[in-house]
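First comes the structure, then the notes that go with it.
The values are calculated or read from the model by the stated rules, or taken from the named source; none is laboratory data. Note that the structure is a prediction, hence the values are computed from the model and not measured. Here Cβ is always computed from backbone atoms with ideal geometry, including for glycine, and neighbour counts include all displayed protein chains.
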Amino acid sequence: MVFEMKHITKTYDSVVANDDVSLHLNRGEILSIVGENGAGKSTIMKILYGLEKPDSGEIVVGGRTQRFNNPSDAMAVGIGMVQQHFMLFEQMTVAENIVFKNELKNGPFMDMNKTAETVRQISERYELKIDPLARIADCPVGLRQRVEILKILYQNAEIIIFDEPSAVLTPLEVEALLETIRGLARAGKSIVLITHKLQEVMAVSDRVYVMRQGRVVAERMAADTDISELAMLMVGHPLASYEIDPPKPGETLLETRGLRLMENGREVLKDISLHVNAGEIVGIAGVSGNGQSALIRCITGLEKSTGGQVLVGGVDVTNRSVREIRDAGLAHISEDRYVWGSAPEGTLEENALMARQDDKPFSSRGIIRPRAIRDFAVRLIRDFNVKASSPTQKMRELSGGNAQKLIVAREMSLDTPVLICCEPTRGIDIGAMEAIHNRMLRRREDGAAILLVSSELTEIMSLSDRIYVIFEGRIVGEFERGSMDDRHLGLLMVGGSIGHEQ
């Protein structure tokens, strides 16, 4: 046994995050901790890593009782943590971030050549290739996650905590990550994996703890359980299944015609033409970095396109402001919940009000009505089961999944004809995922046009009536539900050809 946590309790104001939690990890074992958002799994690992202090309880590492005041204390006894939210210096290089506080020096100065080469070797060893000299500010989300993982690998921790490590990775990168985790365990490292993705749990875990409402409610050997049992233990009841009726598409509510975008002399979008009709969900499948993010930015007004048109409800909104496009009838669940989707320092009330601050009953003649805003925020929090202590709590204080639920609640409450969903269930637990999917399907039944962008191929295939495949900024295929299996779809996503196999 490499560590044991005994009777850990942690509260935040009136919220009990951990309630008498006891768990342990064996050497060379891969242990998964699963549970809904707010179940307490990230909190218990933050306590182990020294980011939080327990109100009571005991931590034993290597047979000795430990008291961690900060992460440095945890690292000193061999505990490292790959965190869900990036902790990187934007203006520094990849290599500088990875070796921060453990620099390789030539005299008083950092030896950049040796540092870059060391980082390159580590990245290749674990199949997480990256340019050591690239600036973090220039790296997309997937590469930033790799840097976080490489930071811990560079420090050679014996106990490695992965907090939702695959949340921003593509399907191909996820498989490489899981193989990395297996390899670390074979090498004698002891792994704790926090994830919402039960397929990953079953793929790599030796043992699983299930948490619900701050407590450990079950412990299972992975070989003795399955996804259905774990899902039921997480939410406390069997999950409902649903059948999707054939679509009844109406008029075209969202359309792009020959949309193009040049960035730094490179053509990012190449003549993108697509449409979404009322009463259907249209998915965009593609490996991260192939233009889907740029496409959504151009549609929603976050970026000016180089050519082509965007139409919402038949109205040309090309290169209009975000406000004008939203007023035309478009809501947008953004890819990054903190950069585009919310104000982390704002309260839940303020974030719930975004895009509606001038609407009745929230304001009248320029005067804000606090009671109406409070009631609205409380309703969203209740209806979408956002675990929060108060509507005046800051957005950044929520777990990532609960922040996502509030953003989804806000955008869906707008009840617009067009809804763009980018990674709507990223970092969301299985129970909340089911609820969001059901709400999307209800919006579809009510006649909304929904454009879905997701790195989860199963989500795209299960919800979409039609699927566009995007590769290197170009639409390379369009398919109706059920006409394409995941293997062929995945092949097109990486630039392959299905020939006559379809």
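The table for this structure:
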| item | result |
| --- | --- |
| Selection within the stretch 246-302 - of a type in the set (Lys, Arg) and either within 24 Å of Ser483 (Cβ to Cβ) or not assigned by TED's automatic domain parsing to the domain that holds Ser455 (or both) | Lys248 |
| Some residue of the stretch 358-370 being in contact with a helix residue (DSSP H, G or I) (Cβ under 6 Å, 6 or more places away or on another chain) and surrounded by 22 or more Cβ atoms within 10 Å (Cβ to Cβ) | no |
| Subset of the stretch 213-255 (residues that are without any contact (Cβ under 8 Å) to a residue 60 or more places away in the chain, of a type in the set (Lys, Arg) and either farther than 23 Å from Pro417 by Cα or in contact with a helix residue (DSSP H, G or I) (Cβ under 7 Å, 6 or more places away or on another chain) (or both)) | Arg220 |
| Some residue of the stretch 295-306 being in a loop (DSSP other than H, G, I, E, B), in contact (Cβ under 8 Å) with a residue 60 or more places away in the chain and of a type in the set (D, E, K, R) | no |
| Selection from the stretch 114-146 of residues that are within 23 Å of the chain's Cα centre (by Cα), within 16 Å of Leu178 (Cα to Cα) and part of a helix (DSSP H, G or I) | Ser123, Gly142, Gln145, Arg146 |
| The stretch 149-176, residues that are within 17 Å of the chain's Cα centre (by Cα) and either at pLDDT 90 or above or farther than 21 Å from Ile430 by Cα (or both) | Ile149, Phe162, Leu172, Glu173 |
| Val386 being among the β-branched types (Val, Ile, Thr) and farther than 21 Å from Val282 by Cα | yes |
| Hey, Ala449 farther than 25 Å from Asn37 by Cβ, assigned by TED's automatic domain parsing to the domain that holds Leu259 and crowded, with 22+ Cβ neighbours inside 10 Å or not | yes |
| Within the stretch 1-112, strands (runs of 3 or more DSSP E) holding 2 or more residues that are surrounded by 14 or more Cβ atoms within 10 Å (Cβ to Cβ) | 3-12, 15-25, 30-35, 56-61, 79-82 |
| Among the residues listed as Ser32, Ser14, Ser22, the single one being in contact with a Leu (Cβ under 8 Å, 6 or more places away or on another chain) and not assigned by TED's automatic domain parsing to the domain that holds Lys394 | Ser32 |
| Test for Ile59: is it under 20 Å from Ile149 (Cα atoms), at pLDDT 95 or above and either of a type outside the set (A, V, I, L, M, F, W, C) or touching a strand residue (DSSP E or B) at 6+ places or on another chain (Cβ under 9 Å) (or both) | no |
| Test: residue in the stretch 305-321 that is surrounded by fewer than 18 Cβ atoms within 10 Å (Cβ to Cβ), among the aliphatic types (A, V, I, L, M), under 18 Å from Val418 (Cβ atoms) and under 27 Å from the mean Cα position of the chain (by Cα) | no |
